[in-house]
Structure formats: C-alpha cells, structure tokens
Ligand code: SAJ
C-alpha cells in the first residue's frame, strides 16, 4: 500500500529523529493521531525516561506521554534500524553554529547517514531543522541517494520548518500552520498528506528551498526587529526618552506595526543563530546580508549596555559594581522557559563577577548554572535576600515571581524588561 493509504487507514508508522523541543512535541502529536511512532535519539537517558512514560520537554504534557507509551503508540530507541519498519522519517536535530560562526550541519548529515542503510521504497523523509536554502536538496538528498534509491521513483523528501515557540501556551504543534516544500511535487504532496493527519493547517509551497527560506525569513524578521528596538533603546537612553513609553504608544497603531521590546540581549538557540545560516550561504552568491550582520552586532551590544546601566544605578547610591551585592532575577533566555542557551544573562553575570560584584541569582525555572567553572544555585526570593542586595537586576521577566515583594524590599532595581512598569518608584531604573 502507498503512504497515503497507510495514513488513511492508520497503519503508517513514523520515526522522529531528535527528541528535543521540536521532535518530542511532534512525536507526541503524531502518536496522538493514532500512528505508531518511534522516537530516535542518541541520548540513552532520554530514551530510558520516555520508555518509562516520563517526559523531559516542558511544553509537552507528561500525562500524555505516559498514556501513549502505555498504550504502545509511542516508544523510543537509539537504534536507527527501526526506520526500516516505518513509512515516514522526520529529522528534528540541532543546527548550531560552529566556533567560526558558520553553519554546523553535522547533526543533519549524521542523521542522513544513519537513515540511508534502512531507506526503502515508499519512504517519506522530512527535514524540520532550521537551515539554509539548499540543504535538503544539495546536502541531504545525496546522502540518502547513496542507498541506490531514487527520489520520487523510490522515496520522497521534503523540508518543513518547525515553528515551536517555547513557553507559548496558545500555539502548539497541532494548531500552528505548517509550511511544507518537497524536492519534487510528489514529495510535497506526500509530506502535506502526512502533516494534514495531525496538524490543522498545512501550507504546501513549490520547493524545499522556498520552505527553508520561509523559516529563515520568520526568524530574521524577529532578529532584525528586536535589534531595531534595541538600537532605539540605546539612543533613547542618551536622549532621556522613555523607550518603553515610545513602544507602547507606537503599539496603538492598528495597522502596519508590530511591537518588539528592548531587552538585555538576544537568547535562545534559534533567533541569535538561524540568521547566520543565511548570511553564510549568501556569501556563496557574492551577496552581503547587511541587515542580519548589523542586527547581530546591535543585539550583541545589549549585555554591555546593561552593565553600564548597572554602574549608573549603583552610582546613585555612591556605590561601585566592585564589592556591591547584586541579585540577578532570571537567568533563562526568555520568560517562563528553563533554557539557558545563548542567554544574555550568562554574559551579564560573567561581566559583573569580572568587575568584582558579589553575585547571586533567583530563577524559578533554573535551579543552578555554571559560572566561571563554579556551580551557582538559585537563591530563594524573600525579604532577607532582597534587603541584602545593593541592586536587583531583572534580566528575565518570568511570570511566577513576586514583583510586589521586590518593589517593597529591594533598595534599588534595574528592570531590563519593564516587567515592573506598574510600580512607580524612584528606586526602579529601566533600560
Ligand atoms: N526578545 C526581545 N524582544 C522581543 C522579543 C524577544 O528581546 O520583543 C528576546 C527574547 O527575550 C529572547 C530572544 O529575543 O532572548 C528570542 O525570543 P523569541 O521568543 O523570539 O525566540 P525563541 O527562540 O524562544 O522562539 C522563537 C519562536 N518565537 C516566536 O515566534 C515568538 C519562533 O521564532 C520560532 O518558532 C522558534 O524561535 C524557532 O525554533 O525558530
């Protein structure tokens, strides 16, 4: 039977490679739609946890994982040979930058090499990892073709960008529209049929390159607009204009404007990284992506700007950073997540310690982290801790924090997220 028929009668089996913040929600949604799903990951600990019905991804409901594992719809393994018994293989592995700030496709290529020996007639292979246009067709397809099978004749291949927003309670894998573009029309059709089984709205596009570029536009749009408002924050600081009030006022425009907020810098493993996949590829075409480079430079300036604001705030109390006790509020890269990757708070912490601050932090989502080789643990947020601090620096605006207590007990506050906008007090400084 061909894939569409197996999808219709629910006998299709799916492999999801990479069980992180993209692969795990995807695998759970596929299994919930009634298709037998096999998670594949190189991390044996994750595999063992899942097979006990446990879950390591915050945005996934552990009860659902337990149910799916118990009823046999979902299981995990490190063994790629399971691909031989599946009809669809989805690759959701990381696409980081290497130490030269260049794309590191090693995880994608390794996944392709691991699949190729088990590729068989009728297989649909999907790449979901954010990457530069051309990766699916120019890098992954040749590896799969080593099997001797031919695309379209034997197997199908498409790219479909993930659109997972960590911590977003409104949009999940199921109700977020899904763009899909194949290396051929038939591949697009097969991929659209697969996703339509468990995603409400599937958007086919003409090629895998269009789908790859679509994702990059989405993330570059965010990176550039965040940089724009960060640059404005730097200028407003000099002009003594309240940038938060400016953004709020501009947000009243009912059309043609989308609000972004200044912040302490750009974190996460997508927005600071994905744009440089395109700027790297563009050089192959003799093209400089100026907006991306400038946005990167501006966003990278923000942690240092926070340090200068810390010095200004302490100065008001005739104090220096050196020797002052500073409490960082939030260390994760954005609110209500536990992820530290590329978090600007890490750079801010390092710089403050480097300048002699006596640093502590509170983050309800991050119990500890490594700072200059030492493990630092999150302190409890209470009156004693707050009154001991010369300055409280809000770096991540987690929802589950008692900002009233901070307003009452802290001697001075630097709020880099404007989360304390409703508290009017001389002791609250902002970006
Ligand atoms: N940030 C600002 N100002 C803003 C918005 C964000 O400073 O106005 C900062 C955040 O604090 C964070 C960084 O930018 O440090 C990135 O935040 P983000 O929410 O844009 O990025 P991610 O990586 O958590 O999630 C994004 C998704 N976000 C949204 O669409 C809202 C989406 O772009 C992608 O689906 C996802 O990255 C991905 O995997 O590419």
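A short reminder: the numbers here are calculations on the coordinates, not readings from a lab. What you are looking at is a predicted structure, and each value in this text was computed from that prediction instead of being measured. So basically every Cβ, Gly included, is an ideal-geometry build from the backbone, and we count neighbours across all protein chains shown.
Summary table
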read-out	value
Using distinct alpha-carbon pairs, which all enter the 1/r mean, Kirkwood radius of the stretch 121-204 in Å	13.4 Å
Burial ordering of 236, 421, fewest other beta-carbon atoms within 10 Å first	421, 236
Which of 251, 308 has the fewest Cβ neighbours within 10 Å, and the rest in rising order	308, 251
When the chain is reduced to its Cα atoms, the Kirkwood hydrodynamic radius in Å	23.4 Å
The stretch 246-270 and the stretch 21-51: distance between their alpha carbon centers, rounded to Å	35 Å
Enclosed volume per residue, in Å³, of the convex hull spanned by Cα atoms of the stretch 125-166	70 Å³
The stretch 190-348 - Debye-derived log10 I(q)/I(0), Cα point model, q = 0.12, 0.15 Å⁻¹	-0.70, -0.99
The stretch 201-282 - Kirkwood radius from inverse mean 1/r over Cα pairs (Å)	14.8 Å
Computed P(r) (all Cα pairs; the stretch 1-70; 10 Å bins; percent)	21, 54, 20, 5
Which of 333, 107, 21 has the fewest Cβ neighbours within 10 Å, and the rest in rising order	107, 21, 333
Values of log10 I(q)/I(0), in the order q = 0.15, 0.16 Å⁻¹, for the stretch 183-233 under a Debye, Cα-only, solvent-free model	-0.56, -0.60
Estimated FRET transfer efficiency (residue 402, residue 170; beta-carbon r; R0 30 Å; 0.05)	0.75
Principal axes of the stretch 296-431: Cα extent on each, largest first, Å	33, 29, 28
Two-decimal ratio, the stretch 36-164, of alpha-carbon radius of gyration to 2.2 N^0.38 Å	1.12
Inter-label distance, nm, simple model (7 Å from Cα along the C-beta direction), residue 218/residue 291	1.7 nm
FRET efficiency, 1/(1 + (r/R0)^6) with R0 60 Å, evaluated for residue 426 and residue 42 via beta carbons	0.65
